[in-house]
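Asker: Would you mind keeping the following structure in view while I ask a few things?
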Amino acid sequence: MGAYTALTEADIPTRDAAVIAGVSRATATRKPRRPVEDPAPAPAPANKLSEAERAHILATVNSAQFVDLPPVQIYARLLDEGTYLCSISTFYRVLDENCQVKERRRQARHPARAVPELVATGPGQVFSWDI
């Protein structure tokens, strides 16, 4: 583009300057784009929880009293006791950061049931029919 600009400043017609410089006239005469500046990072909110506060929330959620409860019920019980740690969504955010957003209740683990298998070692031992 610098060659095209130099040729046009030397009073060479734009069509000839574009052919000599090897660029199309549309590209050569287009306004150059201004470089886009990266936006400044957003400042941290003034009420952002510290790591100690997040650890306290996580310890409270994983305590024996609340280990089987969802965050909504933990929030309600803490409010009944007169304690406000954070909002419900913040409970979920802290749990998500620590990969603990899942079913919190104890789940029964049932073994897989084996399909009954009919085995005969001789004639007339197993009788079966399809219903």
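Asker: Read phi for every residue in region 110-118 and hand back ³J(HN,Hα) as whole Hz from Karplus 6.51 cos²θ - 1.76 cosθ + 1.60, θ = phi - 60°, with x for Gly and Pro.
Answerer: Here the 3J(HN,Hα) series is 9, x, 5, 7, 7, 6, x, 10, 9 Hz.
Asker: Which loop-located GluC sites (Glu not before Pro) does region 15-119 contain, where loop means any DSSP state but H, G, I, E or B and the Cβ has at most 16 other Cβ atoms within 10 Å?
Answerer: Details: sites: E37, E51, E53, E81, E97, E103, E117; in loops: E37, E81, E103, E117.
Counting only loop positions with at most 16 other Cβ atoms within 10 Å, the GluC sites (Glu not before Pro) in region 15-119 are E37, E81, E103, E117.
Asker: Follow-up question, since we're still on this one. Could you check which residue among A108, A46, A18 shows the biggest mean-square fluctuation in a GNM of the chain with a 10 Å Cα cutoff?
Answerer: Among A108, A46, A18, the largest mean-square fluctuation in the Gaussian network model of the chain belongs to A18.
Asker: Still on this model: Kindly sort L7, L78 by accessible area of their heavy atoms, largest first, with the probe set to 1.4 Å.
Answerer: Working: L7 40, L78 10 Å².
Descending accessible area places them as L7, L78.
Asker: In a Gaussian network model over the chain where Cα atoms closer than 10 Å are linked, find which of R77, R34, R109 has the largest mean-square fluctuation.
Answerer: For the chain, modelled as a Gaussian network with Cα springs under 10 Å, the answer is R34.
Asker: Can you give the accessible area of V36 in Å² (nearest 10), computed on protein heavy atoms with a 1.4 Å probe?
Answerer: 130 Å²
Asker: Determine the principal axes of the Cα atoms in the chain, then give the extent along each, sorted from largest to smallest and rounded to whole angstroms.
Answerer: The Cα atoms of the chain stretch 105, 70, 24 Å along their principal axes.
The values are calculated or read from the model by the stated rules, or taken from the named source; none is laboratory data. What you see is a predicted model, and the numbers here were worked out from it, not measured in a lab. No Cβ is skipped: glycine too gets one built from the backbone with ideal geometry, and neighbour counts run over all protein chains shown. Just so you know, the surface numbers come from the protein's heavy atoms only, side chains and all, with ligands and any DNA or RNA stripped out. Shrake-Rupley method; radii C 1.70, N 1.55, O 1.52, S 1.80 Å.
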